[in-house]
Each structure stands twice: as structure tokens, then as C-alpha cells.
Amino acid sequence: MTAHHIKYSVDGDGIATLKIDRAEKRNAITWAMLQAFNGYIADASDDDKVRVLIVTGADGAFCAGTDLADLQNTPTEERSTRGGARTGNEAARRYWNLLQCPKPVIGAIDGTAMGMGAEWTSMCDVRIVSTRSRFAWNFAHRGLVPDTGAGSWLLPRLIGPSQTLRLLYSGDFLSAEDAYRIGYANEMVAPEKTLEAAMAEAQKYLKSSPFSIRHIKELVWKGLERDVEGHMGEHLKAMALCFASEDHKEGVASFLERRPAKFVGR
């Protein structure tokens, strides 16, 4: 069993850290690790004490993707549904749970992110990378398409179709410098500063209403799927919910009383 290679912790500020810790295999993912990884994302999503989720890897690597030796032991007919998903809706819930997590998700990415690891970086809301980070969607080298679907749907919306197709066709690495230049990385720091920079980023979000953040995240990502009319309909619903929320009342009161807000997420 390899599930113990996934580490999860929550600090006193409500910042959760999900770490892939299998340095001897460059943090390659087995089936057991994937199950543990998904389970902790569900924990962070459901825990009201968690305000922000940071995803990172251990010892100078983010994630080398799926452990092909482990995959080899999975029957061919089951490999495309290792998450148990048989329909598009099931796949979106299972494979894109980082995207669907109602909390801000920050990728603290030091070193290589390949395959599934690169896919996970796409699902982060914000990406803090080190100068030695690099990304590769090398699925075509294995006769595959991007395994979670993020590389073929989400990545073009982040960096454009042409940039995406070039990476997917070639399987070449995207360097940290190029990732920052094209806007895929939000910040680039020295390797030893990666997690520290991600924690500093997370601290900024603690000043905001969890209720607002939850609706902002859903509006932004779901907005990529909808036309303007559909988006504005959901926007109006979210605005009505926010105006009626305890967090909005607290936000106004804290401003008028010149004090820090004490949000409750409702």
C-alpha cells in the first residue's frame, strides 16, 4: 500500500496543505495514493475550518504523473475509469475535484509536474512555481490523451489553443520561465521559497469572506461553460445570496466600526 505517501495537515489559520511525498519515485501516483489524495480533497472541501488548500510535492518534485508500473497491474479495460467514473458528470466530479473544491486552491510547485501532475496544476486556482519547475503533458508519448481531460478542456482556456496544442502534440517541457511569461504561473520564486510564497498567498485570502469566495470560484469556473445570459442568471442568484448572508452583514459592520471582519462563512 502506498496511500501513506499522501500527507495532509491543517494549521491554526485554516490553511490546509496536501503533500505528495514519494520522493524516491519523484512523487509518481499509484491507485492507492490517488484514492487518498481524492479523500483529502473531499475533507478540505467539507471542513468549515479549512479556508485555503495548498497542493505541493516533496523534495524538489511536484508529481511525475501516474506510476506506470502500478498502472500496468490494472486491467486494460479499467484503466480509463480508474476513478470509477462511467459518465461525463461522474468524471467531472471525480477527476476535477480540485477545481470543484469550494476553497481557493494554490499550487506550490517545485520541480517537475508531468502527466497527471501537470493536469493537477491546471486545476489549481493560483500557481506559485520555483525557478526549477517544469511541466509536461506527455500523454501522446504513451499513446494517450490528457488523462483527466484538463489538458484538452481547461488548459486551452488558460493559455490558449495554440500554446496548448503545441505542448500536447510534442510532449515537450514548459519551463518555469515560459510558464510565468505566458501567464500559466502567477509567481516564480527560488525553490526554497516555494511553500513560503504559497502560504503568504493563502494568508491574503483569509481577509475575505469564505461565503463570497465560494460563490466567486463557482461563478468564474462555471462561467467558462456558459453563455453570457446563463452566466448573468447565476450571477444574480449569487448576488442575492451574498446580500442575505451573515458574511455580508459582518463585512459592512466591520467597515463601519473600523475593525477586522470576523467572517463565519454563511
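Between the alpha-carbon centres of region 92-116 and region 191-208 there is a gap of 16 Å.
Sparse packing (at most 10 other Cβ atoms within 10 Å of the Cβ) combined with a DSSP loop state is found for the following trypsin sites (Lys or Arg not before Pro) in region 225-258: Arg258. In this structure, the amide hydrogen of Val55, modeled 1.01 Å from its nitrogen in the peptide plane, lies closer than 5 angstrom to those of Leu18, Ile106, Gly107, Ala108, counting only residues at least 5 positions away or on a different chain. Fewest-first ordering of His248, His5 by other beta carbons within 10 Å of each residue's beta carbon gives His248, His5. Under the criterion of Cα pairs below 8 Å and six or more residues apart, the relative contact order for the chain equals 15 percent.
If you run the Gaussian network model on the chain, springs between alpha carbon atoms under 10 Å, then out of Leu256, Leu53, Leu99 the most flexible one is Leu256. Using a Gaussian network model of the chain in which every pair of alpha carbons under 10 angstrom is joined by a spring, one finds that among Ile106, Ile29, Ile159 the greatest mean-square fluctuation is at Ile159. Pick out, from Gly149, His5, Met188, the residue whose Cα sits farthest towards the positive end of the charge dipole of the chain, with +1 on the Cβ of Lys and Arg and -1 on the Cβ of Asp and Glu. Looking along the dipole axis, the top candidate is Met188. Once the Cβ-Cβ distance of Tyr8 and Asp59 is raised to the sixth power relative to R0 = 25 Å, the FRET efficiency obtained is 0.90. Going from the residue with the fewest nearby Cβ atoms within 10 Å to the one with the most, Ser162, Ser175 rank Ser162, Ser175. State the answer as a single residue: which of Thr121, Ser209, Leu256 lies farthest towards the positive end of the charge dipole of the chain, with beta carbon charges of +1 for Lys and Arg and -1 for Asp and Glu, about the Cα centre. Of the options given, the answer is Leu256. In straight-distance terms, cross-link reach from Lys103 covers every one of the lysines whose alpha-carbon lies under 19 Å from its own, apart from those fewer than eight places away in the same chain; here that gives Lys7, Lys19, Lys49, Lys204, Lys207, Lys217, Lys222, Lys262. Each residue of region 18-26 is assigned a 3J(HN,Hα), and the resulting list reads 10, 10, 8, 10, 9, 4, 5, 10, 6 Hz, derived from the Karplus form 6.51 cos²θ - 1.76 cosθ + 1.60 (θ = phi - 60°), x at Gly and Pro. For region 234-263 versus region 9-36, the inter-centroid distance based on Cα atoms is 34 Å.
Annotation: aspartates and glutamates with alpha-carbon distance below 13 angstrom to Lys249 (same-chain offsets under eight excluded): Glu257. Taking Cα centre as origin and charging only the Cβ of basic (Lys, Arg, +1) and acidic (Asp, Glu, -1) residues, the dipole magnitude of the chain rounds to 260 debye. Helix-only arithmetic for the chain: the sum of -39500 (n - 2.57) across DSSP H runs with n ≥ 4, divided by the residue total, places the mean residue ellipticity at 222 nm at -13000 deg cm²/dmol.
All of the numbers you see were taken from the coordinates with simple rules; none came from a lab. These figures come from a predicted structure and were not determined experimentally. Please note: Cβ atoms are built from the backbone with ideal geometry, for glycine as well, and neighbour counts cover all protein chains shown.
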